[in-house]
Every structure is written in structure tokens, then in C-alpha cells.
1. Could you identify the single residue in 209, 178, 182 that is within 14 Å of the chain's Cα centre (by Cα) and part of a strand (DSSP E or B)?
2. Could you look through region 90-110, keep only residues that are touching a helix residue (DSSP H, G or I) at 6+ places or on another chain (Cβ under 8 Å) and not in a loop (DSSP other than H, G, I, E, B), and pick out the one that is surrounded by the most Cβ atoms within 10 Å (Cβ to Cβ)?
3. Just to be sure before I move on: is residue 218 in contact with a helix residue (DSSP H, G or I) (Cβ under 9 Å, 6 or more places away or on another chain), part of a strand (DSSP E or B) and more than 17 Å from residue 35 (Cβ to Cβ) in the structure I sent?
4. List the strands (runs of 3 or more DSSP E) inside region 1-89, counting only whole elements, that have at least 1 residues being farther than 21 Å from residue 207 by Cβ.
5. What is the number of the single condition among (1) surrounded by fewer than 22 Cβ atoms within 10 Å (Cβ to Cβ); (2) out of contact with any helix residue (DSSP H, G or I) (no Cβ under 6 Å at 6 or more places or on another chain); (3) in contact (Cβ under 8 Å) with a residue 24 or more places away in the chain that residue 68 does not meet?
6. So which of 75, 35 is surrounded by fewer than 21 Cβ atoms within 10 Å (Cβ to Cβ) and closer than 24 Å to residue 221 by Cβ?
7. I'd like the full set of residues that are outside any helix (DSSP H, G or I) and touching a residue at least 12 places away in the same chain (Cβ under 8 Å), limited to region 111-141.
């Protein structure tokens with residue numbers, strides 16, 4: 001059984017000015033354990049809506065998906081226990097320190113005592129947070145906040161990680177730390193869904209890539225499959241070709 005199975009998933013919004021807007025339009029795909037699955041598309045293509053549907057933050061208009069064997073419509077609470085979801089807004093509390101944030105979210109996921117302390121210490125070491133672990137989050141740089149946000153996302157050791165632009169706006173050393181962690185999690189057998197605008201990052205990290213535009217899935221495949229289908233070599237050119245943006 002795949003870690004993630006998406007079946008004809010759709011989300012329709014209703015706007016007074018625009019009327020009915022189909023943000024996600026009957027998309028289907030699978031992602032396996034030990035796989036980094038890339039989700040690429042221009043702004044407004046439906047990527048973030050798709051991720052929010054998978055994370056059960058939105059309810060689908062039609063279709064469904066299963067994550068770790070749990071249905072997003074019928075078993076949303078079980079889905080949430082199986083995933084770590086990094087959102088674009090990071091989800092951090094400005095007045096808390098990174099250590100306090102990790103302790104809070106660990107307790108939220110049922111961790112306590114020595115187990116919680118050990119896991120928090122492990123995440124602080126993994127992401128190089130030690131030097132600012134006791135500093136209020138609103139005093140931290142973007143890179144420090146992003147390290148904290150990803151540590152929070154992975155703290156409870158979920159089998160599935162959903163990462164929405166994890167390296168956006170980061171310097172090269174910080175981005176490398178995060179990329180290394182993503183690769184380590186793949187090696188540990190986790191399923192990672194990665195949304196990014198950085199083509200080089202997607203080409204380096206992802207085992208397979210899905211390109212989405214106007215809410216529709218244009219193609220899913222490995223770099224070799226995408227190259228064979230489009231006749232292009234660089235991911236940027238493949239991306240533009242699939243979206244008919246030559």
C-alpha cells in the first residue's frame with residue numbers, strides 16, 4: 001500500500017467576484033514510503049490547496065485521499081497523527097522560544113517526561129538550534145525560524161512529512177541543513193511531499209515530480225520520464241513545456 005493515495009481530489013471555492021473557482025480539479029497520484037514526491041506549479045496552480053487537503057485543513061469538494069491507510073474525509077484525526085505539515089506561515093508562536101515551542105508541540109502529540117526531553121534535545125541538535133533555543137522566536141532570523149518550524153513538524157516522528165516550500169528565502173548553509181535532513185528522512189523510509197519553486201532543489205531531491213497548473217495535474221514522473229515526454233533536459237524547461245508556457 002502506498003503511503004499516500006489521492007483519488008480524483010477536487011476543491012471548489014465560491015467567490016462573489018469570481019464565482020465558482022476550481023482550485024484543485026480531479027487530481028490523482030500515489031507517493032510511496034522512502035520517496036520524496038515533488039509538487040511543482042506556478043503561483044495559484046493549486047499546490048498549497050492540495051497540501052492543505054492532504055493535511056485535512058480543508059475538506060474536499062469531491063474525491064478523497066488516504067495517508068498511511070487513513071482517509072482524509074472519514075478519519076481526519078488519524079491522518080493528522082500520521083503527518084507532519086510545514087505550512088508557509090511556519091506556525092510559530094512569537095513569544096515562545098524554540099525549546100518551548102518544541103516542548104508544547106511534543107506534549108500536544110502525547111509525548112512527556114524523559115521521552116519528550118530526549119526528542120526535543122535531538123531536534124535542537126539536528127537542526128543546529130542550540131545557540132538560540134532560549135531566544136524568543138520574534139527575535140530570530142528567517143533561517144532560525146525555519147529550522148524551528150521544521151523541527152516542530154518532525155518532532156513526533158510521523159511517517160509522512162508534507163513540506164510547503166521548506167527552504168524559501170533561506171541562505172545556502174541553512175537550506176543545505178534542511179535538504180540533508182529531508183534526504184535522511186527518505187533513507188529512514190518516510191514519505192515526503194515537497195512543494196518548492198526552486199527547480200534545482202526539486203531536481204536534486206525528488207524521486208518523482210508532479211507538475212500542476214490551473215488545478216490540473218499535467219504529468220507525474222521521474223526526471224527521466226519527464227525528459228522523455230517533453231524532449232527537454234532541464235527541469236525548468238520541462239516545467240514550462242508542461243504548462244504550455246514556452
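All of the numbers you see were taken from the coordinates with simple rules; none came from a lab. Because the structure is a prediction, the values reported are computed rather than measured. Glycine gets a Cβ as well: all are built from the backbone with ideal geometry, and neighbour counts include every protein chain shown.
1. After applying the criteria, what remains is 209.
2. Once the filter is applied, the top-ranked residue is 98.
3. When the stated conditions are applied, residue 218 passes them.
4. On the way: elements: 4-15, 19-31, 35-40, 62-67, 83-86.
Here the list reads 4-15, 19-31, 62-67.
5. Of everything listed in (1) surrounded by fewer than 22 Cβ atoms within 10 Å (Cβ to Cβ); (2) out of contact with any helix residue (DSSP H, G or I) (no Cβ under 6 Å at 6 or more places or on another chain); (3) in contact (Cβ under 8 Å) with a residue 24 or more places away in the chain, residue 68 misses just condition (2).
6. Of the residues listed, the single one that is surrounded by fewer than 21 Cβ atoms within 10 Å (Cβ to Cβ) and closer than 24 Å to residue 221 by Cβ is 35.
7. 111, 127, 128, 129, 133, 134, 135, 136, 140
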